[in-house]
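The values are calculated or read from the model by the stated rules, or taken from the named source; none is laboratory data. Keep in mind the model is a prediction, meaning the values are calculated, not measured. Don't worry about glycine lacking a Cβ; one is built from the backbone with ideal geometry, like all the others, and counts go over all protein chains shown.
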Amino acid sequence: MNRKLQIGVMGSAANLNYSKQAEITAELIGELIAKSGNILIYGAEKDYDSLSTAAARGAKKANGIIIGITYGKGKEIYDKENADIVIPSGLERGGGREFVLVNSCDAVISIGGGSGTLTEIAIAYQLNIPMIAIKGYGGWSDKLANTYLDERKRRKIIEAKTPKEAVDLAIEEAKKTLINQEKLNKSKEESKK
């Protein structure tokens, strides 16, 4: 694999009143993704702050590459100074935009989270994308850390306690998944011969 990994950060919106410590943690996650040489993907909001935008701020401080996936039309977003690339999905919040967002990731890290984060985790599960949940900030990340979403047990949501552990796990799991996918594709090609 020659490209940079695309690591998504999903988390609570400002109206869930997350703590200052959660915001600092999200910024550190973004900073560590940038310092790892990979790309931060996040849900760029048009109207308010979130832990995802905090991660984008952290990545920007570390001169990282930041891609914001937004809903609807137009590239105007809440934190326009952070995103290097804004992709308007043309879809609404609540499923459509989240599918484009998660499908753009090689791994996702969640922190806190309400219904939007739950949707994003469920999409990642369905797409077999590695999921890392930072524990200790409430929301769906705390509830789902170290669990499976259903009895099929496709992929466990891996618990992390620190930003460094979360980013290291996301990179490790994304690489493993991509290597396994390459092997599977190669095997399929050989079986066609």
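Has the range 14-30 got any residue that is within 27 Å of N146 (Cβ to Cβ), in a strand (DSSP E or B) and touching a helix residue (DSSP H, G or I) at 6+ places or on another chain (Cβ under 8 Å)? There is no residue in the range 14-30 that is within 27 Å of N146 (Cβ to Cβ), in a strand (DSSP E or B) and touching a helix residue (DSSP H, G or I) at 6+ places or on another chain (Cβ under 8 Å). Filtered by the rule that a residue be in a helix (DSSP H, G or I), touching a residue at least 12 places away in the same chain (Cβ under 8 Å) and out of contact with any Pro (no Cβ under 7 Å at 6 or more places or on another chain), the range 157-175 gives P163, K164, A166, V167, L169, I171, K175.
Only one of the listed residues (A133, A145) is farther than 19 Å from L5 by Cα and in contact with an Asp or Glu (Cβ under 9 Å, 6 or more places away or on another chain). That residue is A145. Scanning the range 132-156 for residues that are in contact (Cβ under 8 Å) with a residue 40 or more places away in the chain and either part of a helix (DSSP H, G or I) or closer than 22 Å to N180 by Cα (or both) yields I132, G139, S141.
If you check T177 against the conditions, is it closer than 21 Å to L40 by Cβ and out of contact with any helix residue (DSSP H, G or I) (no Cβ under 7 Å at 6 or more places or on another chain)? Here the answer is yes, as T177 does meet what is asked. Every listed requirement among (1) crowded, with 16+ Cβ neighbours inside 10 Å; (2) within 27 Å of G136 (Cα to Cα) is met by Y71 save one, (2). Has the range 16-39 got any residue that is under 13 Å from Y137 (Cβ atoms), surrounded by fewer than 24 Cβ atoms within 10 Å (Cβ to Cβ), at pLDDT below 95 and touching a strand residue (DSSP E or B) at 6+ places or on another chain (Cβ under 9 Å)? Yes, the conditions are met somewhere in the range 16-39.
Quick one: in the range 89-131, which of the residues that are at pLDDT 95 or above, of a type in the set (A, V, I, L, M) and not in a helix (DSSP H, G or I) is nearest to N146 (Cα to Cα)? Checking each candidate, the answer is M131.
For the residues I111, I87, the requirement of being of a type in the set (V, I, T), within 12 Å of the chain's Cα centre (by Cα) and closer than 17 Å to A56 by Cα singles out I111.
Scanning the range 28-62 for residues that are over 15 Å from the mean Cα position of the chain (by Cα) and closer than 19 Å to L16 by Cα returns K46, D47, Y48, D49. Selection over the range 76-95 of residues that are surrounded by fewer than 19 Cβ atoms within 10 Å (Cβ to Cβ) and hydrophobic (A, V, I, L, M, F, W, C) gives a count of 4. Restricting the range 96-142 to residues that are among the small types (G, A, S) and crowded, with 24+ Cβ neighbours inside 10 Å, the residue that is nearest to Q21 (Cα to Cα) is G112. Out of I41, I123, I69, I132, one residue alone is of a type in the set (V, I, T) and in contact with a Lys or Arg (Cβ under 9 Å, 6 or more places away or on another chain). It is I69.
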